[in-house]
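Visitor: Let me begin by handing over the structure; questions about it come next.
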Amino acid sequence: MTQGSLVPAESPGLSPGPISGPQPANLGDILERVLDKGIVIAGDIRVNLLDIELLTIKLRLVIASLDTASQVGINWWQADPWLSAEAANGSNSRELEEENRQLRSRVKALEARSRDGG
Amino acid sequence: MAAEGGWVWMYGVADDDLETFADGAAGVGGAPPRTITAAGLTAIVGDVGDREYGEAALRRNLEDLDWLAQTARAHHAVLEAVAERGPVVPMRLATLFSSDAGVTGTLQERADDFREALSLVSARNEWGVKAYAVKPADPAGESGHEVAGREGPATGPGAAYLQRRRAQLTASKDVRREALASARTVYAELSGFAVSSRFYPPQAPDLAGQQTPMVLNAAYLVADERAGEFTAAMADLTARHRFVQLTLTGPWPAYSFVSEGDGPGPR
């Protein structure tokens with residue numbers, strides 16, 4: 001019989017290298033797994049399952065910040081990774097073109113003003 | 001047996017040759033985990049009180065992030081300990097029965113499902129891989145200035161500023177695009193070492209404890225015999241992709257690969 005503590009050491013794993021050795025799990029890692037995954041069976045507190053569904057949605061808002069997703073232009077885990085990513089790249093270039101256009105006209109305006117002033 | 005007015009918290013299901021727990025380490029609510037065996041399966045359970053884990057209390061407590069965090073960590077710690085001794089099918093948090101009989105009944109009714117899930121996770125573990133976009137060390141500050149000086153006919157300080165700013169924006173978008181491309185490559189290459197894989201949405205920077213945006217949050221089910229190759233591939237990818245910072249977590253109990261309607265596993 002094994003006599004060890006029930007609480008394991010951090011990430012036993014395989015000899016961690018200096019670069020990519022396993023990191024300790026953060027709270028988000030644990031929550032997204034124990035709330036969203038794992039087998040769901042109907043226990044005797046059934047109403048609780050619905051509560052957890054709602055809770056999971058709330059936590060999604062905490063864990064998966066929409067800001068983060070739109071900031072980096074990604075939604076590709078939701079559908080076809082490759083196609084969605086292409087779409088995201090496309091919209092990035094359009095955004096960039098528009099930004100460039102605005103900057104160019106701003107530069108022109110500033111040049112004109114500096115000529116007038118000087 | 002659950003105490004009067006208490007509940008039986010179910011952590012997970014393992015084979016019936018699972019070694020019993022010998023010590024009194026804390027589980028959820030501080031009660032040491034114990035086992036219930038039926039239908040050739042072992043349920044890992046713990047006794048919890050009605051005051052904290054009853055229907056009304058649970059509804060209240062689940063809204064309390066500190067309580068939830070503590071409970072989730074306790075649930076996870078027990079499953080992690082079991083996973084070190086053999087395959088385990090994790091239950092979702094807060095799977096509660098009014099008595100041992102309810103657990104026994106579930107083991108019997110769902111025996112085939114549990115066995116199927118156990119064989120799926122047997123000699124396999126889950127690994128978590130995240131990629132963060134790396135902010136380059138002020139890429140446009142210096143070079144952007146030089147470019148602006150060479151390029152434009154404009155020499156005013158305003159124009160120089162705007163051109164420098166434009167170069168910065170271009171650089172940051174390039175970095176973003178490179179980070180996404182790297183994330184896709186990393187995901188695909190690691191999939192080659194895994195039995196199965198899942199995406200999670202990226203985590204908020206606060207929760208992840210990182211300043212830079214997360215561009216990949218994936219879980220892989222990896223056979224134990226290939227875990228060495230998998231971690232070696234991680235190291236290799238880390239060295240090759242400078243636009244992303246990669247982190248590895250695990251081995252995890254196979255949480256992400258046993259849920260219903262989510263690939264193979266029980267209904």
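Visitor: Give the Kirkwood hydrodynamic radius (Å, one decimal) of the stretch B:21-136, defined as one over the mean of 1/r across all pairs of different Cα atoms.
Guide: The Cα-based Kirkwood calculation yields 16.0 Å.
Visitor: Follow-up question, since we're still on this one. Rounded, prolate or oblate: which fits the stretch B:38-80 when a ≥ b ≥ c are the square roots of the eigenvalues of the alpha-carbon gyration tensor, with rounded for a/c under 1.5 and prolate only if a/b beats b/c?
Guide: Oblate shape, in that a/c is at least 1.5 and b/c is the bigger or equal ratio.
Visitor: While we're looking at this one, here's another question. Can you give me the long-range amide H partners of B:GLY250? Hydrogens built in the peptide plane at 1.01 Å from N, cutoff under 5 Å, separation of 5 or more residues or another chain.
Guide: Under 5 Å from the amide H of B:GLY250: A:GLN23, B:GLY128.
Visitor: Averaged across B:244-255, how many Cβ atoms of other chains sit within 10 Å of each residue's Cβ atom?
Guide: Shielding by partners across B:244-255 averages 5.
Visitor: On to the next question. Starting at the first residue of the stretch B:237-244, write each ³J(HN,Hα) from the Karplus equation 6.51 cos²θ - 1.76 cosθ + 1.60 with θ = phi - 60°, in whole Hz, x for Gly and Pro.
Guide: 5, 4, 6, 8, 10, 8, 8, 10
Visitor: Note the full-extension length gain between B:ASP112 and B:ASP17 as 0.36 nm times their separation in residues minus their Cα-Cα distance, in nm to one decimal.
Guide: Gain on stretching B:ASP112 to B:ASP17: 32.5 nm.
We did not get these values from a lab; they are worked out from the coordinates using the rules stated. Because the structure is predicted, anything quoted here is derived from the model rather than measured. Methodologically, a virtual Cβ is constructed for each residue, glycine included, from the backbone with ideal geometry; neighbour enumeration extends over all protein chains shown.
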